[in-house]
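Trainee: I'd like to ask some things about the structure below.
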Amino acid sequence: MSHEPTGLALYDKTAQDAAAAVIAAYSTSFGLATRLLGPRPRPHVRNIYALVRIADEIVDGPAAAAGLDADAERAVLDELENETMAAIERGFSSNLVVHAFARTARECGVDDSLIGPFFSSMRTDLQTARHDAASHDDYVYGSAEVVGLMCLQVFVNAGAPRPVAAPAALVDGARRLGAAFQDVNFLRDQQHDEDALGRDYLGLGSGASSRVEVLDRIDGDLAAAAAVIPDLPADCRRAVTAAHDLFASLSMRLRRDASPGARVRVPDSVKATLAARAWMGFAPRHRKIERAGA
C-alpha cells in the first residue's frame, strides 16, 4: 500500500516544498540556521521566510526590472496581502507560497496584528526614501520585529492543539533580535541601498545618527535577545543561537571595517564553526564579540 500523500495532503506538501525552495535560493545563512531547527518548527519558519522574501522582492528591484512602476508594485503587494489574509480565512490558496504561509498562520496564531504591519512597512519602501529616527523604528518594527514575532509564534505553538500567547520576555527578545538583524543588514547594504534604491534607512547621510550609535544599539539588542534564548523550546534554541552568533560576528566585523562600500560577510568556515557551537549547546557569544569589537 502506498503512503504517498494525495489530494490536499499532497498540495500541502508541495506548498511546503515551494517555500523551502525559496529559502534555499535566497539565503544560505538563514537556510543554515533553519536546518538546526527541530522538525516541529522547521517547515513553519521556512513558510514564513518564503512569503516575507517574495513581498520584499516586489519592492526591492525584481518587480521594477520586470517593468512595473511604483503604482503597479503597490497593486501587486496589495494583492499579495489580500490573498494571504483570504487564504488564512479559507485554508487554501492557488499561490503555493501563500498557501504554505496560511497553514502556518492558522496553526501557530499568526494574525493581522503581525501581518498588517509587515505589509505596511513593505509599502513604505515605495514612498519613503529617507528615514528619521521615528520612521526608522516604525519601519523596523514592521519589516523585522514582527517577523521575529511570527517565528516566536511558531516556536511556542507548532504542533499544539491551539495557539497561545508567548511570554512577554520572549516577545521582547524576538523583537530585539529582529531589530538587530535588520540594522546589521542596513549597515551591510548601506552603499547598495543608497546607489541602487536611493534609500537611507539609518539616517547616516543626514547625520541623524552615527555608525557607532547604530552598532551600539545592535549590540544592545543582541545582548538582550541572547539573555532569553535559553527560555525558548529546546528544538529552537540551537537555530536561534546560530543566527544570533552570525549577526553578532557581522556586527563585530562592521566595527572593524567602517567602509560603507564593502559588504562585510562572515567566511563559510566561521559560519560552520558558529553552527557547530550552537549545535553542541553553547550559549550565544555576544559578550566576547562585543569586547572584541569595542
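No value in this document is a laboratory result; all are computed from the given coordinates. None of these values were measured; they are calculated from a predicted model. When we count neighbours, we look across all protein chains shown, and the Cβ atoms used for this are built from the backbone with ideal geometry, even at glycine.
Trainee: Gaussian network model of the chain, Cα springs within a sub-10 Å range: biggest mean-square fluctuation belongs to which of ALA66, ALA226, ALA102?
Mentor: Of ALA66, ALA226, ALA102, the Gaussian network model singles out ALA66 as fluctuating most.
Trainee: A further question on this structure: Over its Cα atoms, what ratio of radius of gyration to 2.2 N^0.38 Å does the range 8-209 give?
Mentor: 1.01
Trainee: Assuming a ≥ b ≥ c are the square roots of the Cα gyration tensor eigenvalues, decide whether the range 35-95 counts as rounded (a/c under 1.5), prolate (otherwise, with a/b larger than b/c) or oblate.
Mentor: oblate
Trainee: Taking the Cα centre as origin and putting +1 on Lys and Arg beta-carbons and -1 on Asp and Glu beta-carbons, what dipole magnitude results for the chain, to the nearest 20 debye?
Mentor: 1560 debye
Trainee: Now for a different question. Of MET150, MET280, MET122, how do they rank once you tally other Cβ atoms within 10 Å and put the fewest first?
Mentor: MET280, MET122, MET150
Trainee: Sorting SER143, SER210, SER269, SER93 on the 10 Å Cβ count, fewest up front, what's the list?
Mentor: Ordered from fewest to most neighbouring Cβ atoms within 10 Å, SER143, SER210, SER269, SER93 come out as SER269, SER210, SER93, SER143.
Trainee: Tell me the relative contact order for the chain as a rounded percent, counting alpha carbon contacts under 8 Å between residues six or more apart.
Mentor: Values: 385 pairs, mean separation 53.2, N = 294.
18 percent.
Trainee: Please give the net charge around SER269, taking every other residue with its beta carbon less than 15 angstrom from that of SER269, where Lys and Arg add +1 and Asp and Glu add -1.
Mentor: Surrounding charge for SER269 is +2.
Trainee: Near PRO62, within a Cβ-to-Cβ distance under 12 Å, what is the net charge of the other residues, with Lys and Arg +1 and Asp and Glu -1?
Mentor: Local net charge: -3.
Trainee: Grab the DSSP H runs of the chain that are 4 residues or longer, score each as -39,500 (n - 2.57), total them, divide by all residues and round the 222 nm result to the nearest 500 deg cm²/dmol.
Mentor: For the chain, the value works out to -22000 deg cm²/dmol.
Trainee: What helices does the chain have that are whole DSSP H segments, at least 20 Å long along their own axis by Cα, and with mean Kyte-Doolittle hydropathy of -1.0 or more?
Mentor: TM-like helix candidates: 7-26, 42-59, 70-90, 168-188, 211-228, 234-256.
Trainee: Separate question: Near SER210, within a Cβ-to-Cβ distance under 11 Å, what is the net charge of the other residues, with Lys and Arg +1 and Asp and Glu -1? Spell out each step's value before the answer.
Mentor: Working: positive: ARG211, ARG217; negative: GLU213, ASP216.
Once positives and negatives cancel, what remains is 0.
Trainee: Also, quick follow-up: Considering the options ILE23, MET85, VAL59, tell which one lies farthest towards the positive end of the dipole of the range 8-209, charges being +1 on Lys and Arg and -1 on Asp and Glu at the Cβ, about the Cα centre.
Mentor: Result: ILE23, furthest along the dipole toward the positive end.
Trainee: Taking neighbour Cβ counts within 10 Å as the exposure measure, how do GLU213, GLU107 sort from fewest upward?
Mentor: GLU213, GLU107
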